[in-house]
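In what follows, a single structure is set out as structure tokens and then discussed.
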Amino acid sequence: MTAIPDFDIKETLLSDERRTVCRAVRQKDGQAVILKICTGEFSDTREMAKLRREYDIARQLDFDGAVKVLELHEFSGGAALVMEDFGGIALSQITDKKPLPLEMFFSVAIRLTEMLAELHHRNIIHKDIKPDNILVDPDKKNVRLIDFGIATLLTNETVGIVSHRDLEGS
């Protein structure tokens, strides 16, 4: 795990060859945060561009349900998207062992529908809705949508002829 200046990393949530997602504490104010880190050979490529795009889109989302993006922290060898840590876990982890209780299913489904309506009202298409990108705090009933790396602002995208092999999203 790469050390990130100004942050104390507490737990790695996801790690692959392109990025690492972890829980951390920001040293300057002690705030609990989630870091989405792009380092190494991928820091100057498409993944870095996606991280910057995610920051640009997500910082505009000031409504309940979108994860709060605090900053894009650049450092020697990479960058980290710094987001609020509200204590949620991925819906995929919650449903890994057993199905959701019916009450929780409807609660999450309704919140997700409201969040998507708000995004679409703002001309944003997420393009990667899946259980890994839906965070839930079962105790507080909070639901947040994350990972705007391939999201589209409708006014910024021109649709042309595209091969089905080049389509983005889930």
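Tabulated results
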read-out: Hits in the stretch 77-126 (condition: within 24 Å of Arg52 (Cα to Cα), charged (D, E, K, R) and open to solvent by 50 Å² or more (accessible area, probe 1.4 Å)); value: Glu118, Arg122
read-out: Residue check, Lys36 assigned to a loop (DSSP other than H, G, I, E, B), at pLDDT 90 or above and open to solvent by 20 Å² or more (accessible area, probe 1.4 Å); value: no
read-out: Any hit, the stretch 63-78, residues being farther than 22 Å from Arg18 by Cβ and under 11 Å from the mean Cα position of the chain (by Cα); value: yes
read-out: Any hit, the stretch 95-103, residues being modelled with pLDDT of 90 or more and part of a helix (DSSP H, G or I); value: yes
read-out: Val21 part of a strand (DSSP E or B) and either more than 16 Å from Asn133 (Cα to Cα) or at pLDDT 90 or above (or both); value: no
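The values are calculated or read from the model by the stated rules, or taken from the named source; none is laboratory data. Just so you know, these numbers come straight off a predicted model, no measurement behind them. Neighbour counts are summed over all protein chains in view; Cβ atoms, including those assigned to glycine, are modelled from backbone coordinates with ideal geometry. Each accessible area value is taken on the protein alone, full model and side chains, heavy atoms only, with ligands, DNA and RNA left out. Shrake-Rupley method; radii C 1.70, N 1.55, O 1.52, S 1.80 Å.
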